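> One structure coming up, written as structure tokens, with questions to follow.
The values are calculated or read from the model by the stated rules, or taken from the named source; none is laboratory data. As the structure is a prediction and not an experimental result, all values here were calculated from the model. Cβ atoms come from the backbone with ideal geometry, glycine included; neighbour counts cover every protein chain shown. Note: accessible area is taken over every heavy atom of the protein model, side chains too, but ligands, DNA and RNA are not part of it. Shrake-Rupley method; radii C 1.70, N 1.55, O 1.52, S 1.80 Å.
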Amino acid sequence: MEYRNLGKSGLKVSELSFGSWLTFGGALDLQGVRQCMHAAFDCGVNFFDNAEAYAEGVSELLMGEVLKEFKRDELVISTKIFWGGKGPNMTGLSWKHLVEGTKNSLKRLKLDYIDLLFCHRPDPCTPIEETVRAIDTLVKEGLVFYWGTSEWSAQGIEMAH
């Protein structure tokens, strides 16, 4: 397996990541998740991806059970925040949802911190300044080490910058 720096950081991630969308909590039970994650790790994958929305949180629960079997410092774990539930403050990138969603993901994953937190979609209902301040707070509190975006336009990323 080859490893690359994550963006301009010093964090090394495997060229291939192992994602859980459509499989964990759907096609795979705990034993299947365990087998797949160990097989990926044995092949050099150190980067495992999830999201609060995958299988309505079950994906993170299953991954969290298996993560206990690895040394934490050998893994890079990412998750995504945007769709946390049906309530009016359980979606989007507001300060409230980013903080609560991240803490809920950490509980499901049984982790103290997320290596890489993605803002899963742009949120036209939340000022970008609020989103960036919330992420900055999560980083300063040590709950998140790095953050990124998923499906944001170049203009949206420039605005966040």
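> Amide H neighbours of W147 under 5 Å, counting only residues 5+ apart in sequence or on other chains, H built in-plane at 1.01 Å?
L117
> May I ask you to order 31-38, 116-123, 65-72 by the average number of other C-beta atoms within 10 Å around their residues, highest value first?
So the order, starting with the most tightly packed, is 116-123, 31-38, 65-72.
> Mind putting a number on the dipole of the chain about its Cα centre? Charges go on the C-beta only, +1 for Lys and Arg and -1 for Asp and Glu, and I need it in Debye to the nearest 20.
Charge dipole, the chain, about its Cα centre: 220 debye, nearest 20.
> Compute the accessible area per residue over the stretch 42-118, keeping the other protein chains in place, probe 1.4 Å, unit Å².
43
> Would you mind telling me the share, in percent, of accessible area of the stretch 30-85 contributed by carbon and sulfur at probe 1.4 angstrom? Display every interim value, and only then the final one.
Working: 1290 of 2260 Å².
About 57 percent, which is the carbon plus sulfur part of the accessible surface.
> What does the charge dipole of the stretch 80-161 about its Cα centre add up to, to the nearest 20 debye, if the Cβ of each Lys and Arg holds +1 and the Cβ of each Asp and Glu holds -1?
With only Lys, Arg, Asp and Glu charged at Cβ, the dipole is about 420 debye.
> Towards the positive end of the charge dipole of the stretch 26-118, with charges on Cβ (+1 Lys, Arg; -1 Asp, Glu), say which of N50, S94, V76 has the farthest Cα.
S94
> Quick one: net charge around L16, please, counting Lys, Arg +1 and Asp, Glu -1 for every other residue with C-beta under 15 Å from its C-beta.
-2
> Over the chain, calculate the relative contact order: mean separation of alpha carbon pairs under 8 Å at least 6 apart, over the residue count, as a percent.
18
> Please report the relative contact order for the stretch 66-141, taking Cα pairs under 8 Å with a sequence separation of at least 6, and give it as a percent rounded to a whole number. Write out the running numbers ahead of the final one.
Values: 79 pairs, mean separation 27.2, N = 76.
So the answer I get is 36 percent.
> Once ligands and nucleic acids are excluded and a 1.4 Å probe is used, how much of Y54 is accessible, expressed in Å² to the nearest 10?
30
> Please give the contour-minus-distance gain from Q31 to V58: 0.36 nm per residue of separation, less the Cα-Cα distance, rounded to one decimal in nm.
Computed gain between Q31 and V58 is 8.3 nm.
> Let me ask another. Please name which of S14, F41, L30 has its Cα lying farthest along the dipole of the stretch 1-61 towards the positive end, using unit charges on Cβ (Lys, Arg +1; Asp, Glu -1) and the Cα centre as origin.
My answer, from the dipole projection, is S14.
> Taking Cα extents along the principal axes in Å as the quantity of interest, determine which of (1) 48, 42, 27; (2) 42, 39, 33; (3) 42, 36, 27 was computed from the displayed structure.
It is the value labelled (3).
> For G156, what charge total do you get from the other residues with a beta carbon under 15 Å from its beta carbon, if Lys and Arg give +1 and Asp and Glu give -1?
-4
> Any idea how many Lys pairs in the stretch 54-146 come in under 27 angstrom at the alpha carbon, given 8 or more places apart or on separate chains?
So the count works out to 25.
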